[in-house]
1. Hey, could you check segment 1-22 for residues that are in a loop (DSSP other than H, G, I, E, B) and at pLDDT 95 or above and say which is farthest from residue 132 (Cα to Cα)?
2. Among 126, 136, which is the only one that is closer than 23 Å to residue 56 by Cα, touching an Asp or Glu at 6+ places or on another chain (Cβ under 9 Å) and surrounded by fewer than 18 Cβ atoms within 10 Å (Cβ to Cβ)?
3. Look at segment 98-117 and say how many of its residues are part of a strand (DSSP E or B) and polar (S, T, N, Q).
4. From the list 62, 68, exactly one residue is of a type in the set (Val, Ile, Thr) and buried (at least 18 other Cβ atoms within 10 Å of the Cβ). Which is it?
5. Of the residues 79, 95, which single one is of a type in the set (Phe, Trp, Tyr), outside any strand (DSSP E or B), over 17 Å from residue 134 (Cα atoms) and within 16 Å of the chain's Cα centre (by Cα)?
6. Which pairs have Cβ atoms under 6 Å, sit 6 or more apart or on different chains, and link a residue in segment 142-171 that is of a type in the set (A, V, I, L, M) to one that is part of a helix (DSSP H, G or I) and surrounded by fewer than 22 Cβ atoms within 10 Å (Cβ to Cβ)?
7. Which of (1) farther than 20 Å from residue 160 by Cβ; (2) in contact with a Lys or Arg (Cβ under 6 Å, 6 or more places away or on another chain) is the odd one out, the single condition residue 7 does not satisfy?
8. I'd like the full set of residues that are surrounded by fewer than 18 Cβ atoms within 10 Å (Cβ to Cβ), touching a residue at least 40 places away in the same chain (Cβ under 8 Å) and in contact with a strand residue (DSSP E or B) (Cβ under 9 Å, 6 or more places away or on another chain), limited to segment 6-31.
Amino acid sequence: MKRECRIKRKTKETDISLYLCLDGKGSCNVDTGVGFFDHMLETLCLHGGFDMELSCKGDLTVDCHHTVEDVGIVLGTGFAETLGDKKGIRRYGMFSVPMDEALAICNLDICNRPYLVFNVDFNAPKIGDLDTQMVKEFFYAFAMSARVTLHLNLAYGENDHHIAEALFKAFGHTLKQAVAKSESDEVLSTKGSL
């Protein structure tokens, strides 16, 4: 059985539709109106091996904040819904990705305890049409909505495009590890539940 979900979320600021399949091939069709953000989501799908269709109509006349944050909320909610009681998954993931001069490291625990550690500094206020401060906001929204503990650290890097792309690639690979099916159908916890 495929692990998949469909979610619709509409507010006064955004109108989002998501289809997510964890057991995909990395195919992605994304349109948020924020080009660089779309590129990062496509990168996430490809490196995570997830299939995703996502459309977001947001109040981009204001800025990209609501669009990026709300996509993080919906995507995190999708992962939480798709994983259900979290039985039979590996739970943990960790991966580091070099991209030219940048090295990003991601660690993840699908534990029902939402937390974000984000040790990343950007050099410029924007990458294309994406405000760099929104990278953290996306990961925060995802971690809180998916109820995961997520650590993202930049070991080093200078080019903001490389830094952001290394982060999303590392995140994709880490998610892929953590949601992978384990040998057991049990929850990986001494408590018996998460």
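1. From segment 1-22, those in a loop (DSSP other than H, G, I, E, B) are 1-3, 11-13, 22; that's our starting set.
Still in the list and also at pLDDT 95 or above: 11-13, 22.
Details: 11: 24, 12: 24, 13: 20, 22: 27 Å.
My answer is 22.
2. Details: 136 fails: touching an Asp or Glu at 6+ places or on another chain (Cβ under 9 Å).
When all the criteria are applied, what remains is 126.
3. The first filter runs over segment 98-117 and keeps only residues part of a strand (DSSP E or B), leaving 98-99, 102-109, 115-117.
This time we only want the ones that are polar (S, T, N, Q), so: 107.
Result for segment 98-117: 1.
4. Values: 62 fails: buried (at least 18 other Cβ atoms within 10 Å of the Cβ).
Step by step, each of 62, 68 is checked, and only 68 is of a type in the set (Val, Ile, Thr) and buried (at least 18 other Cβ atoms within 10 Å of the Cβ).
5. Numbers: 95 fails: outside any strand (DSSP E or B).
None of the other options fit; the residue is 79.
6. 146/80
7. Checking residue 7 against (1) farther than 20 Å from residue 160 by Cβ; (2) in contact with a Lys or Arg (Cβ under 6 Å, 6 or more places away or on another chain), the one that fails is (2).
8. 7, 9, 13, 15
The values are calculated or read from the model by the stated rules, or taken from the named source; none is laboratory data. Here the structure is a predicted model, which is why all the values come from computation and not from measurement. When we count neighbours, we look across all protein chains shown, and the Cβ atoms used for this are built from the backbone with ideal geometry, even at glycine.
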